1. I'd like to know if the range 500-512 contains one or more residues that are assigned to a helix (DSSP H, G or I), free of Cβ contacts under 8 Å to residues at least 60 places away in the same chain and closer than 26 Å to Pro576 by Cβ.
2. Determine whether Ile42 is farther than 29 Å from Ser484 by Cβ, touching a helix residue (DSSP H, G or I) at 6+ places or on another chain (Cβ under 6 Å) and part of a helix (DSSP H, G or I).
3. Report yes if some residue within the range 519-539 is modelled with pLDDT of 95 or more, surrounded by fewer than 15 Cβ atoms within 10 Å (Cβ to Cβ) and assigned to a helix (DSSP H, G or I); otherwise report no.
4. Among (1) outside any strand (DSSP E or B); (2) under 20 Å from the mean Cα position of the chain (by Cα), there is one condition Val434 misses while meeting the rest; what is its number?
5. When you go through (1) without any contact (Cβ under 8 Å) to a residue 12 or more places away in the chain; (2) assigned to a loop (DSSP other than H, G, I, E, B); (3) not acidic (Asp, Glu) one by one for Ser82, which number turns out not to apply?
6. Which of the residues that make up the range 23-54 are buried (at least 18 other Cβ atoms within 10 Å of the Cβ) and either farther than 18 Å from Leu599 by Cβ or free of Cβ contacts under 8 Å to residues at least 12 places away in the same chain (or both)?
7. Say we look at the range 544-584 and pick out the residues that are part of a loop (DSSP other than H, G, I, E, B) and among the charged types (D, E, K, R); which of these is surrounded by the fewest Cβ atoms within 10 Å (Cβ to Cβ)?
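The values are calculated or read from the model by the stated rules, or taken from the named source; none is laboratory data. Predicted model, so just to flag it, every value in this text is computed and none were measured. Here the Cβ is made from the backbone with ideal geometry for all residues, glycine too, and neighbour counts use every protein chain on show.
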Amino acid sequence: MPVKPITTPLGHSLPPHTPHALTVHLPGWDTFIRLRDGDQEIGKQLRSMYPRFSPLSCVKELGIKLLTHLSFAYPESDSGISPTTHGCLPFTSPDAFALAAAHCISHHRPAEHRYSESELSKVEFRVVEFRGVRLVPDSDSDSDSDADATAPALTPATEKEKVRLYLVIYPLPKAKGIMGIWTNPGIGISTRLAEILLPLVPSSDGSLPEAEAETKQETKQEQEQEQKQKQVKVLDWKAKGSDFIISGGTPIKEDIPEPTYLPESDAHEKLRERIVALCQRIPRDIELASRLTTKDVFLYTTGMAAVFRLQEAFFKSGRRGPVVALGAVFHSTFHLFEELEGTTTTNGEEQVEGFKHFGECEDSEKVMDQLEEYAKGLKEKGRTVGYLFVEFPSNPLLVSVDLGRLRKIADEYDFPVVVDDTVGSFCNLDVLPVADVVVSSLTKTFSGFADVMAGSVLLSPSSRYFPLLSSTLTTTHHNALSPSDAAHLLSNSSSYLARSNTHNLNAQKLASFLHTYSTTHQSPRVISRVLYPSIPSTTSSTPGTAYYEQYMRSSTAPAPTGPPYDEMEGNDSFTPGFGCLLSINFSSKKVAKAFYDHLHVHQGPHLGAHLSITLPFNDLLWGAEERERKYHAGYGAVPEQVRVSVGLEEWEDLKEVFEEALKYAEEEAVKEAAC
């Protein structure tokens, strides 16, 4: 049977398309490289994109409409600002202002994108207040109706019911120098929040939004009164980027209007209850799991926001010293850590002492020796590691380190261990016995349908750092996850176990199939290696598979029953596995491209979705600059690698698609061998 080609147009999301889609289909290896290198023709065709990469969809529309409103309603104070000359990044937290100012002038920005002092003064900060917006749906449940969860719900405009947005307004020609504050910390507003607020912004002619325009039988006086109660107000406060940088003793601007943040809903607490229940489902340490409560779970707008806010909590709680990362970490996490190198905080506090990366981690015994020597050296100087971060397993190399030995080193040298379990996912893994903190991107497999973003921080009650971290996070955490996003995530995650079971099975079958192919097709060689937690390493004697299996939940223990497990589809039949993600190393980049360009699955960023998605991950993210390419390739993130997030398709259909693509890879390998 012929393989069916993907019919999704270039630049569109995986089906079904919604304004909240997280994916984009960009078929062909070179298409992504052209996008990476700034090809405007590709950019013009984007109808969807991972929302944390840049504002698109409703968020972009809201920014445009707010800029238009500013230029119309405040022509004197905001002269020169318009959607044709400026971009707008909306946040719910005022700390975005100081973050933006520091980011723009950081030495980490390339010279051509870095802001000068005069350019920084052209970055505008404004605060917009939306009044009378009811963000919590009438039926606050896990309804799967997006229309119910996100439709604008209006109440009489009162002081109590308001949402403040903090706008970072920047000149469009300097977008690349500032966009990192949207991409890496992940604290921008969601498309669902933007969708609610968008209809409330007055149109460019000054008229009220449609939601308030029910004036068929109203008197002129009533219309005038309604006009006075406009639900969007630009506050008098304003500042420039240069107001937030210490220069010649000038203090940072501190009179920012107080944030409103967002209200929580029943869905937020139900999400925390579900996460706790999943962590208590067949745990490796029953006593520890029994101590978990919903107060140990903190929810954020994205997985990166969870990482960013946790790091912020460490620093606020007094942790000083370099942040250490082991192995491959998600590129935005890596960039977030890079910002710590050679910088001081914007208010002149003690210098954060940098970032130390141990890239090569496949030989876990070797890297643990190196880590121990590094920690010992710091101790001899009267210092310590700020905290250590590791993905288990890592993205995209699927390396699992020896968490047991890591725990011993951390205890001896007094530093917290943060484990990101996103790739393995907490239905399969229980790393709480060795982690002080577990961070997860709930955007991925937990949600599963690529249409809502969120992240979580889970504190271990047995950690020596628990009292301080719990106190700090409880004090500093402010809800930014909109009720409509929480409701949708709650609905999606009800099938988390059932979907994960299929992800595990399909990925294991595909990894085994490709591994067998790699060992039987060696002349000419097509696949040099398949990376998946169940596939033994061919380059190291370290038992990476065994390290993963040490923290897998039991497949033989009986599944728990009763609430809340009765609400989880697949609870009775779920078997822990190795997750949805695998990577394939090819014999050359040309062979990899031949395979990729003939692989009929969706192609784009994201993992854990309902459909399979592939990406030339390393070439896309690290291939543009020679220094970065060499560094990351040095520990295994090679450009001839293809990352595969395995979906929920029928296994036989997936196998057929991959067999077809391998034929083209073989042809290219034969050509190379003949040269």
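1. Yes, the conditions are met somewhere in the range 500-512.
2. yes
3. no
4. (2)
5. (1)
6. Once the filter is applied, which keeps residues that are buried (at least 18 other Cβ atoms within 10 Å of the Cβ) and either farther than 18 Å from Leu599 by Cβ or free of Cβ contacts under 8 Å to residues at least 12 places away in the same chain (or both), the range 23-54 yields Leu35, Ile42, Ser48, Met49, Tyr50, Pro51, Arg52, Ser54.
7. The selected residue is Asp572.
To keep it simple, each residue is scored yes or no on (1) of a type in the set (Lys, Arg); (2) buried (at least 17 other Cβ atoms within 10 Å of the Cβ); (3) farther than 26 Å from Ser13 by Cβ.
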| site | (1), (2), (3) |
| --- | --- |
| His602 | no, yes, no |
| Ser612 | no, yes, no |
| Glu625 | no, no, yes |
| Arg643 | yes, yes, no |
| Glu649 | no, no, no |
| Glu668 | no, yes, yes |
| Glu672 | no, no, yes |
